[in-house]
Amino acid sequence: MNKVNKKSLSLVILAAGCFGIISALIMDIMGADNSFRGELLIVGVIAFLGGLYLYPTQKHHKGIINFIFLFPLLFCFAVTVIIPFGLGLFYSTTDWNGIRLTRFVGLDNYKAMFTEISFLWSLIITVLFVVINMIAVNVIGLALAVLCTSKIRGVGFFRAAYFIPNLIGGIVLGYIWQFVFNNVVLNWTLQLFDYNSSMLSKYNTAFLAIVIVYIWQYAGYIMMIYITGLTTVPSDVIEAASIDGATAVQTFFRIKLPMIASTITICTFLTLQSAFKQFDVNMALTNGTGSVHFMGQYLTNGSQMLALNIYNTAITKNSYALGQAKAVLFFIILSIVSIIQVRVSNKREVEM
């Protein structure tokens, strides 16, 4: 087979593979009853990769081979992230009820969520939750990391003990701490401060309870990352500082802290992402309950954060299109804040 015929054959196979993949995805998205769409997708993928491999080129052959090896990962990412996100944008402009849509509504869902007082309240307390926990979790995690890298007995035990809460699922953790906050012993302790009810009975103390549980769960995980960063600080630098007469505090703030700037960036980013997406503990611990007056309205979701608000809008209220619009806004806010945080942290690394 000459080069021209091989090229034509590879292009035909490529086109057939693309047609099969696109057709299978369209049938799946449209909810078609065709039972062969799975087989069509597999055949389409095999044909697409075969056509790429058979394409007669020496200049780009290495790049094609690399793409073939990366294709499974890229395909899974497209199917699980890119395509659902595109569909989410589409559904947010319709009256989709989770099963079918009847008309396009444009930006009406986006306008509606900004007139929903409960959503605005959830957005405010989520931002407050993120700010508090970004500071608290990183400070406590770093303090625990310093403790667990010091020369004290039983360091391995302390590391495991601080990390174990992160292994407990958020739902289970929420119910465990719900028992703790409602337990009579804790209530007796609170009565010493003239507080005669459970912390979960009011929105402000319930919000504080969520903060406490989140710090208890996540600080150990951040501690492990800080431990990794602290152990990479060269020992000869620490010894040189000690010879020069630097105290432990001076060594920490002027040597160790600047040298783990990249670790601080990572931990801050992880804490930001996790705090913004807080859902399971919020649902299990309080389910968003708590009475509060906001913008002249009486709300019963005083401790409901943004992720739980989106869930309740879509599932409980059956407003899937409105919930999807909130999710799109949530994604945009999280992306912008994360990009700003990483850029500021990277700039701070250079300064340190």
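Okay, here's what the table says:
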read-out: Unsatisfied cross-links (Cα-Cα over 30 Å) in the set Lys202/Lys277; Lys277/Lys317; Lys111/Lys277; Lys62/Lys277; Lys256/Lys326; value: Lys62/Lys277; Lys256/Lys326
read-out: Descending semi-axes in whole angstrom, ellipsoid equivalent of the chain, from the Cα gyration tensor; value: 45, 35, 18
read-out: Ordering of 21-28, 333-340, 69-76 by burial proxy (mean other Cβ atoms within 10 Å per residue, highest first); value: 21-28, 333-340, 69-76
read-out: Label-to-label distance, nm, for residues given as Val131 and Phe104 (7 Å Cα→Cβ offset); value: 4.0 nm
read-out: Full-extension gain in nm, Ala248 to Asp236, via 0.36 nm per residue minus C-alpha separation; value: 2.8 nm
read-out: Those lysines that a straight Cα-Cα span of less than 20 Å connects to Lys59, excepting residues fewer than 8 apart in one chain; value: Lys3, Lys6, Lys7
read-out: Cut-off of 10 Å, at most 16 other beta carbons, DSSP loop: longest stretch of the chain lacking such trypsin sites (Lys or Arg not before Pro); value: 154-276
read-out: Inter-label distance for Val155 and Asp280, nm, one decimal - labels placed 7 Å from Cα along Cα-to-Cβ; value: 3.1 nm
read-out: Gyration tensor (alpha-carbon) shape descriptor, region 39-195, a/c threshold 1.5; value: oblate
read-out: Percent carbon-and-sulfur accessible area, the chain, ignoring ligands, DNA and RNA, probe 1.4 Å; value: 68 percent
read-out: Residue among Leu14, Leu329, Thr263 farthest towards the positive dipole end of the chain, charges placed on Cβ; value: Leu14
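The values are calculated or read from the model by the stated rules, or taken from the named source; none is laboratory data. Worth saying up front: this structure is predicted, and the values here are computed from it rather than measured. Every residue, glycine as well, gets a Cβ built from its backbone with ideal geometry; the counts of neighbours run over all protein chains shown. Note: areas computed on protein heavy atoms with side chains; ligands, DNA, RNA excluded. Shrake-Rupley method; radii C 1.70, N 1.55, O 1.52, S 1.80 Å.
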